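K.L.:
One structure, as structure tokens, below. Some questions next.
The values are calculated or read from the model by the stated rules, or taken from the named source; none is laboratory data. None of these values were measured; they are calculated from a predicted model. As a convention, Cβ positions derive from the backbone with ideal geometry for all residues, glycine included, and neighbour counts pool all protein chains shown. Only protein heavy atoms, including side chains, enter the accessible area calculation; ligands, DNA and RNA are left aside. Shrake-Rupley method; radii C 1.70, N 1.55, O 1.52, S 1.80 Å.
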Amino acid sequence: MSKPKVGFYWCASCGGCEEAIVDLAADILGVVAAVDIVFWPCAMDFKRADVEAMADGEMAVCFVNGAVRTSEQLEMAELLRRKAGLIVAFGSCAHTGGIPGLANLYSREGVLAAAYDAAFATVNPEGMRPQTEYAAPEGTVTLPELHETVKKLDQVIPVEYYLPGCPPPVKLITGALGAILEGTLPPKGSILAPEIALCSECPRKDSKPEKLDFTAFKRPHQIIADPALCLLAQGLLCLGPSTRAGCDAPCITGNMPCTGCGGPLEGTKDLGTNALSAAASVLEATDEASIAVGLAEVPDPAGAFYRYSLPASLLYAKKGS
Amino acid sequence: MSSKVTIDPITRLEGHGKVDIFLDDSGNVERAYFQIPELRGFEKFAEGRPAEDMPQITSRICGVCPTAHHMAATKAVDALYHVDPPAAAKKVRELIYSTFFVEDHALHFFFLGGPDFVVGPHAPKAERNILGVLGKVGLEVGTEVIGLRKQMRDLISRAGGKVAHPVFGLPGGVAKALSADDQAAFIAGAKHAVEFGLFSLQLFRDLVLKNEEYVAWITSDTYTHQTYYMGMVDGDNKVNFYDGQLRVVAPDGREYLRFAPADYQRHVAEHVEPWSYIKFCYLKGIGWKGFADGAESGVYAVAPLARLNAADGMATPRAQEAYEEYFQTLGGKPVHHTLANHWARLIEMLYAAERMVELAEDPELISPDVRAIPTATPDEGIGVVEAPRGTLFHHYQSDAQGVVTRANLIVATQNNAARIAMSVDKSARGLIKAGEVNDGILNMVEMAFRAYDPCHGCATHALPGQMPIKISIYDQRHELVREIRRDGV
Amino acid sequence: MSDGTFQPRIVAFFCNWCTYTAADLAGISRMSYAANVRVVRLMCSGRLDPQFVVAALRQGADGVLIGGCHPGDCHYQVGNHKALRRFTLLKRLLGQLGIEDERVRLEWIAASEGDKVQRVINEMVAQVRALGPLGLTAIPRPHGEAAAVPPCCAE
Ligand code: SF4
Ligand code: SF4
Ligand code: SF4
Ligand code: FES
């Protein structure tokens, strides 16, 4: 039996997802032995022509990380979709939009103005902006156009599986590769991570009280968190209750709250408002005044609850952006 | 005949690098444009976020050097909240940061630069990759490189929660105090790193310095630019990555400026060009005079070569020895040869390792006192560190609740962008004559990129040591006349 | 309703014990209110998942009205306190996403306050009408695929 052909590709990515694959270290050798890696720009020569030459569906599976925001990324995603039997959206950016998806809180014009007009050290009296076509004295120099908004992968191509995390934990990557090789993949559309909340694998779960009640949220720099107790019980906005497990809670081990990169739990319709609901529920405040006090230190609900998932939310982007 | 050559390396960072080259009527290079074709807008979407979240948000600028952004942002929010971390917290931070430097410089030298130097620039393409490096130095060494990196990355996870996008930095300190066990692990790792640093330098001597051809090539004119150099120094003008003053030396090596990072706006400015999404930094006192060498031009460089030029030495003994050897061998200060960055990088790796030992062995490292709680009203903060790829500036303003209202980030590559553009232009001129496009240009451009180590995520393209590049040559009607590919297809 | 003026669609989530009863009373008492409202009955305002609110907006509502018992009168004691906490946070989040203040509203309306139902609805319909259609940015879909209908979770 011939080895299955596997590809890896990145769109608008920070490179952390690629490092995660490299971090498989010794494990990767086993993977290399079992599959035929046919496309991986990070580690192998880029051969778009080779991908184009493949028969449709010839690649068994392609892992794609990064969000999508330029026409070039869109084209590559569409090409890989044709050539791959299975597409796995790899990492938060591809899965739910990721941190770069926070750009959907602002218009493209706002993004450009912040960089080229308003930035502190920028000296730009003529209001120069990068142009998609610039007539230089020597000829025309081109730049790709930035799309208005940031999209997650399945907003541009159909996707079969999702590997959450920023970047995905090594354990989940090996699990996914194993399932592909052994033919034990769950039904299409599945998220390849446990269907339980992060709290259930948190080293501090035993200190999470049955009923949480505190009068005000705190921000991480405002308290010295007890390194043994549930962070939510200490008033820190920990998204563990509404985030999917699979990472072994490294942020909690680092004594910082979970910010939710593991993505939504099964059945979540909108990650941000789901997490918001869970957070608001645990506060012990009943009237308007005490509620205002209790929530005063959650100054940025959109950024906190949609930290990795704004493009995946039902709202998608700021209205009118 | 007028044609356009496009080199389109499919790399990442803010998108990927792209080079458009224009030929004049006689087929010689008129101008080469080095471009960054994407902008992700971190400056904008930092607005509205709590300042203390910046260390975790901005680390997503780069998954290869997340710790550098995490650290610069953490120092910026110290300043924004007017809080001075306890001594132990600073030591933990610098220890993690030094560990990161060892890991990242090792990645760069062995996986990126290695194929150029260890295997050699003329080796067959098929060997100019990490496997070629392993073939040359032996599998044992290769295993050692991978093992060292894993050890360093595990140490970062241990102290910082995660390695890709760590969580340790908070205004006023670090999130977690280290234990005696952690300390023991760091001491062991640090000692290992020093040995590894010494070994790597010896490897460089044996494989590169003993080879006259390599040395000639390092000192060749194509990769030489006389610019200003910037780097962070301590009170004795020794290289420091975590804290200190910024020092700038002129092309003749004399000190031109020495300033507190918080004053950066008085000395550094960013220039916008219509043909790239990246902004180009220059020295404000001299002004933007275009892409030009010399003391009259405000162009400056950062990263290992620049740091060594800008300092008077290294703060640790073995690195200092290596520093002296470096300048003796290369003909005194400053060294203008871009490719000398690789050697400088190894000297820095040794310094980072020696610094790790000092910090790891410090009894105060495991003090539980690692946090100061801010009490003042937050307003504005600037944080600067030396990233492996050069000086990194984070600057935030906030409202009284500490919510960011304005942000500016000058990443290492921006500081170097003008000089990189000049190097690309220069190599294109040297390699394209009378319409003859030498395939070697692919190599040259790639090597220039690698030497600067721009934050193009080149480092993640490093496994084979080949940055895929495509050159397309168009005639006046924009029809493709020829295509050269990096992979030789 | 077809005189050309914009007719906003408002989804109202009313708690069974107070506001829904009040809306019934308004109906029985022939206190007419704008017909733009579609009422969804919940057992308690504390049952209102903020996801329902954004789902309603995504599915075409121009505004969402939430009604519950007055503080202290909740049939389940603290349901409306919980609703208020969620609402407070949700409103701030929606504001960050450019959704105008008038579009999402919480009112305490007792079973006897049929007139308040009438007043609040009429007021809100007028305000939202003045704002115009919600106009959320469309969620992109892969080419060639029928737009998937977001799951309905309001009922
Ligand atoms: S998911 Fe995280 S690690 Fe992966 S590309 Fe996006 S920001 Fe980087
Ligand atoms: S809320 Fe956070 S700290 Fe508490 S158990 Fe859950 S994941 Fe752990
Ligand atoms: S603890 Fe939360 S934020 Fe941290 S890695 Fe796990 S899911 Fe992501
Ligand atoms: S029953 Fe009416 S609000 Fe709880």
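K.L.:
Could you please tell me which pairs satisfy a Cβ distance under 7 Å, a separation of 6+ or placement on different chains, a first residue in segment A:200-214 that is without any contact (Cβ under 8 Å) to a residue 40 or more places away in the chain, and a second residue that is open to solvent by less than 50 Å² (accessible area, probe 1.4 Å)?
P.N.:
Matching pairs, first to second residue: A:205/A:199; A:207/A:230; A:207/A:233; A:208/A:199; A:208/A:230; A:208/A:232; A:208/A:233; A:209/A:233.
Residue-wise test of (1) touching a Pro at 6+ places or on another chain (Cβ under 6 Å); (2) assigned to a helix (DSSP H, G or I).
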residue: A:210; (1), (2): no, no
residue: A:231; (1), (2): yes, no
residue: A:248; (1), (2): no, no
residue: A:262; (1), (2): yes, no
residue: A:291; (1), (2): no, yes
residue: A:297; (1), (2): no, no
residue: A:317; (1), (2): no, no
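K.L.:
Quickly run through segment B:369-389 and pick out the residues that are assigned to a loop (DSSP other than H, G, I, E, B) and among the acidic types (Asp, Glu).
P.N.:
Scanning segment B:369-389 gives B:369, B:379.
K.L.:
Can you tell me which residue among A:286, A:273 is away from chain B (no Cβ under 12 Å), surrounded by fewer than 23 Cβ atoms within 10 Å (Cβ to Cβ), more than 9 Å from ligand 3 (Cβ to nearest atom) and not basic (Lys, Arg)?
P.N.:
Numbers: A:273 fails: surrounded by fewer than 23 Cβ atoms within 10 Å (Cβ to Cβ).
The conditions single out A:286.
K.L.:
While we're on this one: So residue B:191 passes all but one of these: (1) in contact with a Pro (Cβ under 7 Å, 6 or more places away or on another chain); (2) on the phi < 0 side of the Ramachandran plot; (3) not in a strand (DSSP E or B). Which condition number does it fail?
P.N.:
(1)
K.L.:
Test of understanding: among C:67, C:98, which residue is at pLDDT 95 or above and on the phi > 0 side of the Ramachandran plot? Give the derivation first.
P.N.:
On the way: C:67 fails: on the phi > 0 side of the Ramachandran plot.
On inspection, the qualifying residue turns out to be C:98.
K.L.:
Within segment B:279-300, is there a residue that is under 17 Å from residue B:389 (Cβ atoms), crowded, with 23+ Cβ neighbours inside 10 Å, in contact (Cβ under 8 Å) with a residue 40 or more places away in the chain and within 10 Å of chain A (Cβ to nearest Cβ)?
P.N.:
yes
K.L.:
Taking the stated definitions as given, is residue B:84 in contact with an Asp or Glu (Cβ under 8 Å, 6 or more places away or on another chain), modelled with pLDDT of 90 or more and not aliphatic (A, V, I, L, M)? Break it down stepwise before answering.
P.N.:
On the way: in contact with an Asp or Glu (Cβ under 8 Å, 6 or more places away or on another chain): yes; modelled with pLDDT of 90 or more: yes; not aliphatic (A, V, I, L, M): yes.
Judged against the criteria, residue B:84 is a match.
K.L.:
Which ones in segment A:289-320 are at the interface with chain C (Cβ under 7 Å from one of its Cβ atoms), charged (D, E, K, R) and either on the phi > 0 side of the Ramachandran plot or without any contact (Cβ under 8 Å) to a residue 24 or more places away in the chain (or both)?
P.N.:
The answer is A:319, and nothing else.
K.L.:
Please enumerate the residues belonging to segment A:119-152 that are more than 7 Å from every other protein chain (Cβ to nearest Cβ) and farther than 30 Å from residue C:139 by Cα.
P.N.:
Those that are more than 7 Å from every other protein chain (Cβ to nearest Cβ) and farther than 30 Å from residue C:139 by Cα: A:125, A:126, A:127, A:135, A:137, A:140.
K.L.:
Name the single residue that is farthest from the other protein chains (Cβ to nearest Cβ) among those in segment B:158-191 being more than 22 Å from residue B:374 (Cβ to Cβ) and charged (D, E, K, R).
P.N.:
B:191
A quick yes/no check of all residues on (1) open to solvent by less than 30 Å² (accessible area, probe 1.4 Å); (2) farther than 26 Å from residue A:294 by Cβ; (3) within 16 Å of ligand 4 (Cβ to nearest atom):
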residue: A:179; (1), (2), (3): yes, yes, no
residue: A:186; (1), (2), (3): no, yes, no
residue: A:190; (1), (2), (3): yes, yes, no
residue: A:194; (1), (2), (3): no, yes, no
residue: A:204; (1), (2), (3): yes, no, no
residue: A:207; (1), (2), (3): no, no, no
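K.L.:
So, in segment C:37-64, how many residues would count as being buried (at least 20 other Cβ atoms within 10 Å of the Cβ), part of a strand (DSSP E or B) and within 14 Å of ligand 4 (Cβ to nearest atom)?
P.N.:
Within segment C:37-64, residues that are buried (at least 20 other Cβ atoms within 10 Å of the Cβ), part of a strand (DSSP E or B) and within 14 Å of ligand 4 (Cβ to nearest atom) number 1.
K.L.:
Might you let me know whether segment B:307-326 holds any residue that is closer than 30 Å to residue B:46 by Cβ and in contact (Cβ under 8 Å) with a residue 40 or more places away in the chain? Steps first, answer last, please.
P.N.:
Residues of segment B:307-326 that are closer than 30 Å to residue B:46 by Cβ, as a first pass: B:307, B:310.
In the following step, the residues that additionally are in contact (Cβ under 8 Å) with a residue 40 or more places away in the chain were identified as B:307, B:310.
Yes.
K.L.:
In segment B:390-414, what residues are outside any strand (DSSP E or B) and either modelled with pLDDT under 90 or open to solvent by 20 Å² or more (accessible area, probe 1.4 Å) (or both)?
P.N.:
Restricting attention to segment B:390-414, the residues satisfying the condition of being outside any strand (DSSP E or B) are B:399-402, B:411-414.
Answer for segment B:390-414, where residues must be outside any strand (DSSP E or B) and either modelled with pLDDT under 90 or open to solvent by 20 Å² or more (accessible area, probe 1.4 Å) (or both): B:399, B:400, B:401, B:411, B:412, B:413, B:414.
K.L.:
Quick one: how many residues across segment B:360-389 are among the small types (Gly, Ala, Ser) and open to solvent by 10 Å² or more (accessible area, probe 1.4 Å)? Please lay out each step first, then the result.
P.N.:
So the first thing to find is which residues in segment B:360-389 are among the small types (Gly, Ala, Ser), and the list is B:360, B:367, B:372, B:376, B:381, B:383, B:387.
After this cut, where a residue has to be open to solvent by 10 Å² or more (accessible area, probe 1.4 Å) as well, the list is B:367, B:372, B:376.
Within segment B:360-389, residues that are among the small types (Gly, Ala, Ser) and open to solvent by 10 Å² or more (accessible area, probe 1.4 Å) number 3.
K.L.:
Here is a list of conditions, (1) away from chain B (no Cβ under 13 Å); (2) more than 13 Å from ligand 3 (Cβ to nearest atom), and residue A:244 meets all of them except one; can you say which number that is?
P.N.:
Result: residue A:244 passes all but (2).
K.L.:
Within segment B:138-157, track down each residue that is open to solvent by less than 30 Å² (accessible area, probe 1.4 Å) and either in contact with a Pro (Cβ under 6 Å, 6 or more places away or on another chain) or more than 10 Å from every other protein chain (Cβ to nearest Cβ) (or both).
P.N.:
B:138, B:141, B:142, B:145, B:148, B:152, B:155, B:156 - these are the residues of segment B:138-157 that are open to solvent by less than 30 Å² (accessible area, probe 1.4 Å) and either in contact with a Pro (Cβ under 6 Å, 6 or more places away or on another chain) or more than 10 Å from every other protein chain (Cβ to nearest Cβ) (or both).
K.L.:
Considering only residues that are in contact with a Phe, Trp or Tyr (Cβ under 9 Å, 6 or more places away or on another chain) and open to solvent by 10 Å² or more (accessible area, probe 1.4 Å), which ones fall in segment A:294-316? Break it down stepwise before answering.
P.N.:
Residues of segment A:294-316 that are in contact with a Phe, Trp or Tyr (Cβ under 9 Å, 6 or more places away or on another chain), as a first pass: A:294-298, A:303, A:310, A:312-313, A:315.
Scanning segment A:294-316 gives A:296, A:297, A:312.
K.L.:
Quick one: residue A:251 ticks every box in (1) within 18 Å of the chain's Cα centre (by Cα); (2) away from chain B (no Cβ under 12 Å); (3) within 14 Å of ligand 2 (Cβ to nearest atom); (4) of a type outside the set (Lys, Arg) except a single one, so which number is it?
P.N.:
That leaves (2) as the condition not met.
K.L.:
Identify, please: which residue in segment A:163-177 is within 16 Å of ligand 1 (Cβ to nearest atom) and open to solvent by 40 Å² or more (accessible area, probe 1.4 Å) and is, among those, farthest from the other protein chains (Cβ to nearest Cβ)?
P.N.:
Going through the qualifying residues, I end up with A:171.
K.L.:
For residues in segment A:216-248 being closer than 23 Å to residue C:91 by Cα and away from ligand 2 (no atom under 12 Å from the Cβ), which is most open to solvent (accessible area, probe 1.4 Å)?
P.N.:
In this case the residue turns out to be A:218.
K.L.:
Separate question: Condition first: assigned to a loop (DSSP other than H, G, I, E, B) and more than 16 Å from ligand 4 (Cβ to nearest atom). Now tell me which residues in segment C:1-30 satisfy that. Break it down stepwise before answering.
P.N.:
Going through segment C:1-30, the residues assigned to a loop (DSSP other than H, G, I, E, B) turn out to be C:1-9, C:16-18, C:29-30.
Result: C:1, C:2, C:3, C:4, C:5, C:6, C:7, C:8, C:9, C:29, C:30.
Quick grid of which residues meet (1) in contact (Cβ under 8 Å) with a residue 40 or more places away in the chain; (2) within 17 Å of the chain's Cα centre (by Cα):
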{"residue": "A:76", "(1), (2)": "yes, no"}
{"residue": "A:96", "(1), (2)": "yes, yes"}
{"residue": "A:106", "(1), (2)": "yes, no"}
{"residue": "A:118", "(1), (2)": "no, no"}
{"residue": "A:122", "(1), (2)": "no, no"}
{"residue": "A:125", "(1), (2)": "no, no"}
{"residue": "A:150", "(1), (2)": "yes, yes"}
{"residue": "A:167", "(1), (2)": "yes, yes"}
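K.L.:
Follow-up question, since we're still on this one. Is there a residue being open to solvent by 10 Å² or more (accessible area, probe 1.4 Å), within 30 Å of residue A:142 (Cα to Cα) and free of Cβ contacts under 8 Å to residues at least 60 places away in the same chain anywhere in segment B:255-263? Explain how you work it out, then say what you get.
P.N.:
Step one: of segment B:255-263, the residues open to solvent by 10 Å² or more (accessible area, probe 1.4 Å) are B:255-258, B:260-263.
With within 30 Å of residue A:142 (Cα to Cα) added as a condition, the list becomes none.
No, that holds for no residue.
K.L.:
Looking at segment A:153-165, which of the residues that are under 18 Å from residue C:138 (Cβ atoms) and under 13 Å from the mean Cα position of the chain (by Cα) is farthest from ligand 4 (Cβ to nearest atom)?
P.N.:
Selected residue: A:153.
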